[in-house]
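Enquirer: Before anything else, here's the structure in question.
The values are calculated or read from the model by the stated rules, or taken from the named source; none is laboratory data. In this text the structure is predicted, and so the values were computed from the model without any measurement. Here Cβ is always computed from backbone atoms with ideal geometry, including for glycine, and neighbour counts include all displayed protein chains.
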Amino acid sequence: MTRAHNFNAGPAALPTEVLEEAEKELVNFNGTGMSVMELSHRSKEYENVHNDAISLLKELLQVPDNYEILLLQGGASLQFSMLPANYLKNNETANYVLTGSWSEKALKEAGNFGQTRIGATTKEDHYKRIPSFDEIDKKSTDSYVHITSNNTIYGTQWQQLNHDWHVQAFADMSSDILSRPIPVERFSAIYAGAQKNLGPSGVTVVIMKKELLEQERKEGTPTLLRYSTHAEKNSLYHTPPTFAIYMLNKVLHWIKRHGGAEGMQERNEEKAGLLYEVIDNSNGFYKGHAEPESRSRMNVTFNLRSEELNQLFLQQAKQNGFVGLNGHRSVGGCRASIYNAVTLDSCAALREFMIEFQQQNQ
Ligand SMILES: *Cc1c(COP(=O)(O)O)cnc(C)c1O
């Protein structure tokens, strides 16, 4: 049985090796006579998996000791409201940098808790680019600045994160976490749903400066929506998504075996390079959505010269075993999501298909 060339945007491809390991252990995990799904979340066997996942995240992302790593539920979408619920006080203003639909959603949620303003937006450029650091309107009175490191739908990515943000910075890294090294110390909070680069859906990774835990707004925040609740109990305050965390742990081991964050960066640049090269050498047959200096190494977005040709491309791609190439319903066109687990082979096969399709439909 062959594996599909899976370019799904999320949930997305998982490493075959990881799935095979999980298959072997499915009915009898570690000699327990039970699946990991059937273990108590208070058992030693599960706790080892849980703690190993947290320590691998710390190691692979080089998270400093003054940060807490939390494994939560509710997806990145819950973080859109959980962060302002705890950290945007009534008399304060949060600064959102808009680079796509996910940042718009984050901004909207923050508006439920306090004042917001838009420090920069590239909406009028159809989100084809990331604003330069200088374009961001910075005020020392901002409560925090929020960015989206990779824009899954538009296919743009902050090339540089190592900025001296003027106030504490929060980042949604859902679609590029652990795809490259990141300067964690530049951010007060980083969050990401696991289902793109780290594992299956159901678990959300939050990396947060410990000092923030003492600054939460306590009145009115439900217990489960306070970060301190989870930090105090090592993300075991209530039943965690144990199977998703088990898979996360396996994917983290796989990332470690493949060179960690640096290894992923190298692999991802090579994969993205294969596809962008076809686009750039196609004499405009394929038109990339993102401006070259803002291109994402995770989501390659492009259009053909007409909607009919887009449809023909997608239809023939599907017949040839390529899955998930439709652009997001809000922007259309084509998108190849090439997260960590998507293989170089899949990208090379797509490249060949794109070249042949151009030859036949020039
Ligand atoms: C997928 C995605 C989200 C939404 O994640 P959920 O886990 O579905 O809530 C948020 N932000 C970005 C950048 C994403 O790619």
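Enquirer: Do you know which residues across segment 172-204 are assigned to a strand (DSSP E or B) and either in contact with a Gly (Cβ under 8 Å, 6 or more places away or on another chain) or within 11 Å of the ligand (Cβ to nearest atom) (or both)?
Expert: Asp172, Tyr191, Ala192, Gly193, Thr204
Enquirer: Just to be sure I understand, how many residues within segment 126-136 are in a loop (DSSP other than H, G, I, E, B) and either more than 16 Å from the ligand (Cβ to nearest atom) or under 22 Å from Ala189 (Cβ atoms) (or both)?
Expert: Residues that pass the stated criteria total 7.
Enquirer: Another question about this same structure. Scanning for something in a loop (DSSP other than H, G, I, E, B), within 13 Å of the ligand (Cβ to nearest atom) and surrounded by fewer than 24 Cβ atoms within 10 Å (Cβ to Cβ), does segment 137-151 turn up at least one residue?
Expert: no
Enquirer: Among Ala290, Ala317, Ala261, which is surrounded by 21 or more Cβ atoms within 10 Å (Cβ to Cβ), among the small types (Gly, Ala, Ser) and not in a loop (DSSP other than H, G, I, E, B)?
Expert: The conditions single out Ala317.
Enquirer: Then there is this: Here is a check on your reading of the model: is Thr32 more than 24 Å from the chain's Cα centre (by Cα), at pLDDT below 95 and either crowded, with 19+ Cβ neighbours inside 10 Å or not basic (Lys, Arg) (or both)?
Expert: No; evaluated as a whole, the condition is false for this residue.
Enquirer: Pick from Glu21, Glu25, Glu92: which is assigned by TED's automatic domain parsing to the domain that holds Val203, surrounded by fewer than 17 Cβ atoms within 10 Å (Cβ to Cβ) and touching a residue at least 60 places away in the same chain (Cβ under 8 Å)?
Expert: Within the list Glu21, Glu25, Glu92, the selection yields Glu21.
Enquirer: Go through segment 56-105 and count every residue that is away from the ligand (no atom under 16 Å from the Cβ), assigned to a helix (DSSP H, G or I) and in contact with a helix residue (DSSP H, G or I) (Cβ under 9 Å, 6 or more places away or on another chain).
Expert: 6
Enquirer: Here is a further query. Residue under question is Asn197, and the condition is that it be closer than 23 Å to His50 by Cα and in contact (Cβ under 8 Å) with a residue 40 or more places away in the chain; does it hold?
Expert: For Asn197, the condition - closer than 23 Å to His50 by Cα and in contact (Cβ under 8 Å) with a residue 40 or more places away in the chain - is met.
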